[in-house]
Every structure is written in C-alpha cells, then in structure tokens.
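The values are calculated or read from the model by the stated rules, or taken from the named source; none is laboratory data. Quick caveat: nothing in here was measured; it's all calculated off a predicted structure. Ideal geometry is used to build each Cβ from the backbone, glycine not excepted, and the neighbour counts take in all protein chains shown.
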Amino acid sequence: MKQECISVFDIFKIGIGPSSSHTLGPWRAALRFIDTVKRKSPSQLASVRVLLYGSLAKTGKGHGTDVAVILGLCGEDPETFPVDLIDPAIAGINETGRLSMRFSFDSAAERVDLPFKPETDIVFLFSESLPYHPNALTFIASFSDGDEIAETYYSIGGGFVVKEGEESGVHHDVTLPYPVFYEEDLVRACGDTGLTISGLVMLNECAWRPEAETRKGVLRIWNEMKQCIYHGVHTQGILPGGLDVVRRAAELNRKYTEGHTYTNFDEWIELIRKGGASFSHIMDWVTCFALAVNEENASFSRVVTAPTNGAAGVVPAVLLYFIVFCDGNDESKIINFLLTASEIGSIFKKGATLSAAMGGCQAEIGVSSSMAAAALTEALGGSPRHALMAAEIAMEHHLGLTCDPVAGLVQVPCIERNMMGAIKAIAASHLAMQSNPDNARITLDNVVNTMWQTALDMSHKYKETAEGGLALQIPISLTDC
C-alpha cells in the first residue's frame with residue numbers, strides 16, 4: 001500500500017466536469033507544466049504541443065481533455081474559471097489560431113501569445129499507451145533558441161496527477177498523529193482514542209492547518225455540492241456531446257414540487273421534508289439529487305470530485321438524504337459526514353485505485369458508494385466498526401463494475417449509476433446498523449484487495465476506453481462527439 005498522507009481536500013476537490021481523470025487531472029497537469037516553462041524563459045517560447053495517450057486519447061473528446069489542457073495552458077484555474085466562458089474561450093482560440101499562456105510571478109503576471117491549432121497541436125495517440133498508467137499525456141515546449149522541454153504526466157484518478165519519475169500524486173510533507181492505510185489502522189486508532197472516524201480525521205487534519213480552517217473548507221465543499229444540486233434541479237435541456245441525452249432532474253423536481261413555491265435552497269429542502277418519509281418519496285428524491293449532480297457534471301459545470309467527477313453525485317445525494325430525512329441539517333454533522341467519507345476514499349486510493357481507466361467503474365461509483373455508506377452510518381450513530389462494515393457492503397456489491405461510457409461521454413450509463421450508487425449506500429448503511437460487525441466474514445481490507453485484484457484481471461476494453469460493454473451498443477463515432 002502506498003504510504004501517502006491524504007487530506008479531506010485531496011479527496012474532495014472543486015473543479016469542472018465531466019471527468020476528474022480526463023478533465024481535472026490534465027488541466028492540473030497543464031498548470032504544472034507552465035510552472036516548469038516559466039523557470040526557463042517564457043519570452044523565448046515558440047510553440048507548445050500536447051500528446052494524449054491511451055484512455056485520454058480514446059475518450060478524450062467526450063471527456064473534454066483537449067479543452068482542459070488548453071485552459072490549463074492558458075493559466076486558468078478549474079476551481080474558479082467561469083463555466084459559461086469555456087465555449088467562448090475555446091472558440092476564440094480555434095478562430096484565431098493563437099494561445100495566450102499566462103505565467104504568474106511573485107509580483108506580476110506575464111502573457112505569451114503563441115500560434116496554436118488544437119486540431120494539430122493536440123495529438124490523440126489512440127493506439128499508444130504508456131506502461132505506468134493508461135491516462136498519460138506529454139507536453140512539449142519549443143523555444144526560439146532551439147531548446148525543448150518535454151514532461152509526461154499521469155492522471156491517476158480523482159484529479160490526482162503524477163509527473164514521470166514521481167512516486168505519488170500527493171505532495172504533503174506532514175507527520176500525521178494517526179496515519180491510516182488499512183481498516184485495521186482505523187479501528188485501532190478509534191479504539192485507542194475513543195474517537196469516531198470523523199473525530200480521528202479532524203485530529204489528523206490539524207497536522208495541516210488549524211481546525212477552524214478545516215471546518216471552513218469542508219463547509220465550502222458542501223456549499224459547492226448543494227449549489228450543484230440546486231442548479232441541476234432547475235436546469236433543463238439536452239446534454240452536450242451528440243447523444244442527445246435529455247436532462248431529467250429538473251423535470252422530476254417540477255413534478256415532485258408541483259403546486260408549491262419556494263425561493264431558495266433552504267425553502268426547497270423544507271418543502272421536500274414536508275412531503276413525508278415514505279420509501280417511494282425518499283427514493284424519488286435521492287434519485288433526483290444524484291441525477292442533478294451528474295447532469296451538471298456532464299454539461300461541463302462546476303462539481304466536487306467525490307472521489308471522482310464521474311461519481312460526483314453519490315456522496316452529495318446521500319448527504320442531502322441525511323439532511324432532509326434524518327435531521328442532519330447541522331453544520332457539525334455535515335462536516336463530520338464529509339470527513340468520514342474522505343477517510344474511506346483515501347483507503348481505496350492507497351490500497352487500490354480511483355481511476356476507471358485502471359479499475360473500471362468499481363473504482364468510481366463503487367468507491368463513492370462505500371464512502372457515502374460509511375459516512376451515513378456514523379452520522380446515524382453507528383460505531384466505527386459499523387461504518388466500516390457499511391463501506392464493505394457497499395463496495396462488495398460494486399465489484400467488477402465496468403466503465404463503458406457510450407461515445408466516450410460521462411452520460412450513459414454514468415449518470416444513472418450515481419443514483420444506483422447512492423441507493424446502495426443507503427441500503428448498506430441501514431443493513432450495517434442492524435448487524436453485528438463481529439459476525440462479518442468480509443472486512444473492508446478484504447474488499448479493497450479484491451477490488452484491486454479485479455482491476456488487474458479486468459479486460460482493458462472495460463476500463464474507460466469506450467471499446468466494450470454498453471459503449472458498443474449505440475452506433476455513434478467518438479469523432480462525432
């Protein structure tokens with residue numbers, strides 16, 4: 001297992017859809033590359049090219065990888081760049097054939113305009129793959145003095161990026177009081193301290209920053225999640241990409257709230273709460289919450305990686321279920337929910353993978369469902385062992401799940417899978433709460449190991465290549481999307 005120190009803010013990242021590995025990761029890689037270039041001499045820069053390998057090439061168009069690297073080379077931040085400016089920015093570069101790279105220095109910023117044609121300067125190497133990871137990209141910068149800089153990066157899932165030669169996508173020089181790499185580490189530490197999982201995570205987060213800063217940052221994460229849900233349930237239309245997928249969350253919301261009015265998020269969730277707590281009512285709304293997030297993700301909107309963009313709807317949907325139907329509308333409860341979820345995500349990151357290109361969709365929806373199940377269980381009063389049991393149950397029933405995006409888009413079957421992952425998480429939590437962990441025959445560590453072995457055994461065509469499964473059932477070319 002990789003000896004990484006992973007923060008809650010490594011698992012939950014604010015960015016732009018539709019993919020953490022194919023959009024956010026390459027975007028971040030481009031930002032790292034321009035930092036390298038600026039140490040040379042930006043004013044002598046003559047040209048830039050980008051090579052996309054493996055899964056980044058095969059599903060890059062549908063995932064917006066080309067868009068991401070362009071905006072990254074322009075020095076834009078995926079956390080803050082206005083999503084409504086993406087299309088105009090890319091259209092302007094295509095029309096002018098010019099790329100404006102921004103280099104930030106201590107006292108000022110410098111811009112360098114270069115000739116750049118995306119159709120030739122971003123090369124999709126569909127038949128080539130690098131051995132370290134299927135999601136590879138190389139940046140090549142040429143200078144007027146004849147020098148050249150080339151760097152290769154790997155987008156290893158969940159927005160984590162590793163440069164060629166690095167050992168990890170996490171760069172934290174800290175010593176945690178209670179490092180966790182396995183389930184048994186977590187059980188032991190919680191037993192020794194008497195803390196919940198979230199309490200232990202907060203103690204570790206204090207190695208990075210004061211507790212008040214962590215709390216503020218986690219609430220910012222939740223604010224982005226709820227804005228994503230609320231915007232998603234009020235946005236109609238057809239998702240981009242060529243499949244003509246109709247957004248459904250807004251229509252479901254209109255149907256479920258018909259005859260009632262509200263003006264903001266708080267009034268909306270109070271209206272939902274007043275509808276009761278019948279099984280069908282809860283199912284309707286959890287479905288709506290999850291669909292809303294991933295329809296936003298598929299439309300290049302701002303989402304929170306949780307732990308990936310393709311699985312971004314599961315944790316927010318289950319958290320909102322807890323808030324609306326389980327009396328969870330309290331800042332401390334929300335913070336603890338997300339802290340617990342992040343710890344489960346980090347265990348999977350260290351022991352297996354968060355990359356669908358490496359492990360199939362079990363690495364995305366499976367992990368997110370496991371995270372949400374554990375977080376909900378602790379939030380409902382379960383012990384650390386009950387929470388870990390819920391995490392195990394949720395992942396156990398996602399093992400072997402393939403990643404087969406139709407036309408390379410994060411739409412079919414990805415959007416509906418978030419709804420299924422959320423419902424499985426709730427079911428896993430409720431089963432664990434009614435069970436005795438002493439009687440469990442399978443541990444979370446067993447499931448993490450099994451998931452990784454399954455990933456290694458899985459045919460490459462089921463790992464985010466759009467070359468297998470459902471991706472073969474709809475006759476549409478990747479080049480049309």
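In this structure, VAL447 qualifies as modelled with pLDDT of 95 or more and hydrophobic (A, V, I, L, M, F, W, C).
For the stretch 107-125, does any single residue satisfy the condition of being farther than 19 Å from LEU31 by Cα, within 27 Å of the chain's Cα centre (by Cα) and surrounded by 17 or more Cβ atoms within 10 Å (Cβ to Cβ)? Within the stretch 107-125, one or more residues are farther than 19 Å from LEU31 by Cα, within 27 Å of the chain's Cα centre (by Cα) and surrounded by 17 or more Cβ atoms within 10 Å (Cβ to Cβ).
Within the bounds of the stretch 76-92, is there any residue that is assigned to a strand (DSSP E or B), out of contact with any helix residue (DSSP H, G or I) (no Cβ under 7 Å at 6 or more places or on another chain) and touching a residue at least 24 places away in the same chain (Cβ under 8 Å)? Taking every residue of the stretch 76-92 in turn, none turns out to be assigned to a strand (DSSP E or B), out of contact with any helix residue (DSSP H, G or I) (no Cβ under 7 Å at 6 or more places or on another chain) and touching a residue at least 24 places away in the same chain (Cβ under 8 Å). On the given criteria, is ILE238 in the same structural domain as ILE415 (by TED's automatic domain parsing), among the aliphatic types (A, V, I, L, M) and either touching a residue at least 12 places away in the same chain (Cβ under 8 Å) or in contact with a Pro (Cβ under 6 Å, 6 or more places away or on another chain) (or both)? When the stated conditions are applied, ILE238 does not pass them. Scanning the stretch 183-197 for residues that are of a type in the set (Ser, Thr, Tyr) and in a helix (DSSP H, G or I) returns a single hit, THR193.
I need the full set of residues from the stretch 239-291 which are over 25 Å from the mean Cα position of the chain (by Cα) and among the aromatic types (Phe, Trp, Tyr), in order please. Once the filter is applied, which keeps residues that are over 25 Å from the mean Cα position of the chain (by Cα) and among the aromatic types (Phe, Trp, Tyr), the stretch 239-291 yields TYR256, TYR262, TRP268, PHE279. Within the stretch 71-106, if we keep just the residues that are loosely packed, with under 15 Cβ neighbours inside 10 Å and hydroxyl-bearing (Ser, Thr, Tyr), the residue that is modelled with the lowest pLDDT turns out to be SER104.
Take the conditions (1) closer than 14 Å to LEU339 by Cβ; (2) modelled with pLDDT under 95; GLY217 misses just one of them, which is (2).
Against the test of being in contact (Cβ under 8 Å) with a residue 24 or more places away in the chain, assigned to a loop (DSSP other than H, G, I, E, B) and either among the acidic types (Asp, Glu) or touching an Asp or Glu at 6+ places or on another chain (Cβ under 8 Å) (or both), the options VAL174, VAL201, VAL180 yield a single qualifying residue, VAL180. If you go through the stretch 282-294 and keep only what is surrounded by fewer than 24 Cβ atoms within 10 Å (Cβ to Cβ) and among the aliphatic types (A, V, I, L, M), you end up with ILE282, MET283, VAL286. Taking first residues from the stretch 131-155 that are more than 23 Å from LEU56 (Cα to Cα) and partners that are β-branched (Val, Ile, Thr) and surrounded by 13 or more Cβ atoms within 10 Å (Cβ to Cβ), the Cβ contacts under 7 Å between residues at least 6 apart in sequence or on separate chains come to GLU148/ILE140. Residue count for the stretch 239-281 under the criterion of being farther than 18 Å from ASN329 by Cβ, among the small types (Gly, Ala, Ser) and surrounded by 14 or more Cβ atoms within 10 Å (Cβ to Cβ): the result is 4. Every test in (1) assigned to a loop (DSSP other than H, G, I, E, B); (2) modelled with pLDDT of 95 or more; (3) outside the structural domain of GLY158 (by TED's automatic domain parsing) is passed by ILE14 save one, and that test is (1). One residue is enough: does the stretch 433-450 have a residue meeting the conditions without any contact (Cβ under 8 Å) to a residue 24 or more places away in the chain and either part of a helix (DSSP H, G or I) or buried (at least 19 other Cβ atoms within 10 Å of the Cβ) (or both)? Checked the stretch 433-450: at least one residue is without any contact (Cβ under 8 Å) to a residue 24 or more places away in the chain and either part of a helix (DSSP H, G or I) or buried (at least 19 other Cβ atoms within 10 Å of the Cβ) (or both). For the condition more than 25 Å from ASN309 (Cα to Cα) and not acidic (Asp, Glu), SER144 qualifies. Here the condition is being within 17 Å of ILE149 (Cβ to Cβ) and not in a loop (DSSP other than H, G, I, E, B); of LEU52, LEU71, LEU31, LEU56, it holds for LEU31 alone.
Going by the structure shown, is THR196 touching a Leu at 6+ places or on another chain (Cβ under 8 Å) and among the polar types (S, T, N, Q)? So THR196 fails the test.
Taking the stretch 156-171 as the range and being free of Cβ contacts under 8 Å to residues at least 12 places away in the same chain and either in contact with a helix residue (DSSP H, G or I) (Cβ under 6 Å, 6 or more places away or on another chain) or not charged (D, E, K, R) (or both) as the test, the residues that pass are GLY165, HIS171. Listed by first and then second residue, the pairs linking a residue in the stretch 260-274 that is under 16 Å from PHE289 (Cβ atoms) to a residue that is among the hydrophobic types (A, V, I, L, M, F, W, C) and part of a helix (DSSP H, G or I), with Cβ atoms under 7 Å apart and 6 or more places separating them unless they lie on different chains, are TYR262/TRP268; TYR262/LEU271; ILE269/ILE323; ILE269/VAL324; ILE272/TRP285; ILE272/VAL324; ARG273/VAL324. If you go through the stretch 252-268 and pick out every residue that is farther than 14 Å from GLY232 by Cα and either charged (D, E, K, R) or modelled with pLDDT of 95 or more (or both), you end up with 10.
Of all the residues in the stretch 295-312, those that are surrounded by fewer than 24 Cβ atoms within 10 Å (Cβ to Cβ) and either assigned to a loop (DSSP other than H, G, I, E, B) or of a type in the set (Asp, Glu) (or both) number 3. Between ALA136, ALA141, ALA150, the distinction of being in contact with an Asp or Glu (Cβ under 8 Å, 6 or more places away or on another chain) and modelled with pLDDT of 95 or more belongs to ALA141 only.
Scanning the stretch 215-238 for residues that are buried (at least 20 other Cβ atoms within 10 Å of the Cβ) and small (Gly, Ala, Ser) returns a single hit, GLY232. Criterion first (closer than 30 Å to THR465 by Cα and polar (S, T, N, Q)) does THR138 satisfy it? In short, yes.
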